[in-house]
Amino acid sequence: MTFSLPVAYVYNPLEYAKKPHETYLRLYGTSPREVLLLGMNPGPFGMAQTGVPFGEITVTREWLKIEEAVQQPPRTHPKRPVEGFDCKKSEVSGRRLWGWAKSRFINPETFFDRYFVANYCPLIFIEEGGRNRTPDKLPKAEREPLFEACDRALIDLVDYFSPSYLVGVGAFAEKRAQVCLKEKNGLTIGKITHPSPANPRANRGWEAFIEKELTALGIEDFSLY
């Protein structure tokens, strides 16, 4: 696939951060899972650095116990360097999502007994000026083949994990799941509020919001055990 301006750089952490990503899958990717939490695509200070979905540096290293060598994309924007686990910036969305898991489940193993976290699209799109461009903002001619590939991958992911619930972390992921999984019997599809600080609702008690949203979908029991 090729992408035109304003996209000037495309990062694929499944390639250059393959080692930590494979460790994440090896440690926590056994099936089945009751709930699949699905994000849109990697963030610049999360999965772009660690290869782990929503993988904020500190929580990935200290709670998930993942720290592996990270290589470089073929081309990097000077404003969006890939520093791996040496990155000093924190991905707020990842800190909130994994922070909630850490606060409610006594260790990663108890969280992953029920949940798995993935992204719909593995690629990061960076404009000439260094700004992120989300997949939904790509031109239709570029978006459609990308979404076709990501839809197939999502179908395979659901076939593997056999979840009862697919929960989009934000409206985009929910919409894509509804498009490609609408005929999947026994699967409840919904969404929770995205934890991004750019989302005003997320800055007013995100954990309480999403627990209400999960409960409304039929997902319960968030107490430590």
Cβ-based net charge around Phe85, under 9 Å, with every Lys or Arg adding one and every Asp or Glu removing one: -3
Listed residues Leu25, Leu14, Leu37, most fluctuating in the chain (Gaussian network, C-alpha, under 10 Å): Leu25
Percent of beta bridges antiparallel (DSSP, the chain, rounded to nearest 5): 25
Gyration tensor (alpha-carbon) shape descriptor, segment 43-119, a/c threshold 1.5: prolate
Contact order relative to length of the chain, as percent, for alpha carbon pairs under 8 angstrom and 6 or more apart: 26
Residue with peak Gaussian network fluctuation, the chain [Cα springs, cutoff 10 Å], from Asn185, Asn119, Asn199: Asn185
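Rounded to the nearest 500, what is the chain's calculated 222 nm mean residue ellipticity when only DSSP H runs of at least 4 contribute -39500 (n - 2.57) each, over all residues?
Values: 9 runs with 88 residues, N = 225.
Mean residue ellipticity at 222 nm (helix-derived): -11500 deg cm²/dmol.
Let me know the shape class of segment 79-128, please: from the alpha-carbon gyration tensor, a ≥ b ≥ c as square roots of the eigenvalues, rounded when a/c is under 1.5, otherwise prolate if a/b is greater than b/c, or oblate.
Numbers: a/c = 2.83, a/b = 1.83, b/c = 1.54.
The shape class here is prolate.
Given Cα positions, please report Rg to Rh for the chain, the hydrodynamic radius being the Kirkwood one. Don't jump to the answer; show the numbers that get you there.
Values: Rg = 16.7 Å, Rh = 17.8 Å.
Taking Rg over the Kirkwood Rh, I get 0.94.
Please tell me which of these pairs span more than 29 angstrom C-alpha to C-alpha: Lys19/Lys184; Lys18/Lys89; Lys79/Lys175; Lys88/Lys175; Lys175/Lys212? Provide the component values of the computation, followed by the final result.
Numbers: Lys19/Lys184 32 Å; Lys18/Lys89 21 Å; Lys79/Lys175 31 Å; Lys88/Lys175 33 Å; Lys175/Lys212 20 Å.
Table pairs above 29 Å Cα-Cα are Lys19/Lys184; Lys79/Lys175; Lys88/Lys175.
At a 10 Å Cβ-Cβ cut-off, how would you order Val179, Val169, fewest neighbours first?
Val179, Val169
Computed from the coordinates by the stated procedures, all read-outs in this text should not be read as laboratory data. Being a predicted model, the structure only gives us computed values, none of them experimental. We place every Cβ from the backbone using ideal geometry, glycine too, and count neighbours over all the protein chains shown.
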